[in-house]
1. So how strong a dipole does the chain carry about its Cα centre when Lys and Arg Cβ are +1 and Asp and Glu Cβ are -1, to the nearest 20 debye?
2. Set the Förster distance to 45 Å, then compute FRET efficiency between ALA72 and ILE204 from the Cβ-Cβ distance, nearest 0.05.
3. Using just the alpha carbons, could you tell me how many Å³ per residue the convex hull of the chain encloses?
4. What whole number of Å gives the distance from the Cα centroid of the range 168-211 to the Cα centroid of the range 35-63?
5. From largest accessible area down, sort PHE84, PHE150; use a 1.4 Å probe on the protein chains.
6. Using the charge dipole of the chain (Lys, Arg: +1 at Cβ; Asp, Glu: -1 at Cβ; taken about the Cα centre), state which of VAL38, THR163, LEU79 has its Cα farthest towards the positive end.
7. Counting only helical runs of four or more DSSP H residues, what would the 222 nm mean residue ellipticity of the chain come to if each run contributes -39,500 (n - 2.57) and the total is spread over all its residues?
8. Report the one residue of ILE58, LEU89, ALA47 whose Cα lies farthest in the direction of the positive end of the charge dipole of the range 28-124 (charges on C-beta: Lys and Arg +1, Asp and Glu -1; origin at the Cα centre).
Amino acid sequence: MTPALLGAFVILAVASVVRSTAGFGFSLVAVPPLALLVEPAAAVVVAGVMAAPLSLWIAVRDRRHVDRRITAVTLLAGLSGVPFGVWLLSVLPPDVLTVVIAVVVLLGTFLVWRRVALRGGLATIIGVGVFSGASFASTGIDGPPMVAAFQSMRLEPRVQRATLAVVFSGTSLAALAGFAVSGQLTATVGRTLLVGVPALFVGIFTGERIFRRLDAERFRRVVLGLLVVSSVSVVVRVAMA
């Protein structure tokens, strides 16, 4: 295993631990450091491919708790933003894409840290849905803005989780189709996924064990600090290049 693939395994395993333990943050943790090991576009595609089965599993398991009205509106909005995101992924130079990824991660970190609730009802959901679809397809990150919008609707936690899972499943599958059509499923992506799949299972198993022993709020602060450090390090590296 090459140093880059070994690094990818560690990054994706840690991201899976974070996702299993904190309930968020897979792409937020994985994409910035992964973009330093492989091409930024490949990092986005790998995160997108690995995020899809996680969302699908939650969507199927919690399907009885889905709010169908909100899901329909949000999913259509998200799907409309995916083509623009795929286009951005294809045309942005690697250095510019890396900075965009870092900025989106910092924005997501702020929304999670402050527990921001975006008000405005379905109008806000539509706008955030379009942004999230485009963001996922271009940076691999879509969760924090959608969570912030949903928090203002006072949905029960399980309803919110299930509804988000269905929306993310739809945008993930649409983005994967876009990646295939635009030629983003490269050999680099394939090699990284070969180490990513076992890393995913290692991370989930480890995360479940940590979850039973660790204070959730303290772990949340650690994750937020990790997100800020990784994003700033990416921006600094690009600025010095």
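The values are calculated or read from the model by the stated rules, or taken from the named source; none is laboratory data. In this text the structure is predicted, and so the values were computed from the model without any measurement. Using ideal geometry, Cβ is built from the backbone for each residue, glycine included, and neighbour counts are taken over all protein chains shown. Calculation scope for accessible area: heavy atoms of the full protein, side chains included, ligands and nucleic acids excluded. Shrake-Rupley method; radii C 1.70, N 1.55, O 1.52, S 1.80 Å.
1. 780
2. Working: r = 30 Å, r/R0 = 0.67.
Working from the Cβ atoms, E equals 0.90.
3. Working: hull volume 27.8 nm³, N = 241.
Normalising the Cα hull of the chain by residue number yields 115 Å³.
4. The range 35-63 and the range 168-211 have Cα centres spaced 4 Å from each other.
5. PHE84, PHE150
6. THR163
7. Counting only the DSSP helices, I get -28500 deg cm²/dmol.
8. Value: ILE58.
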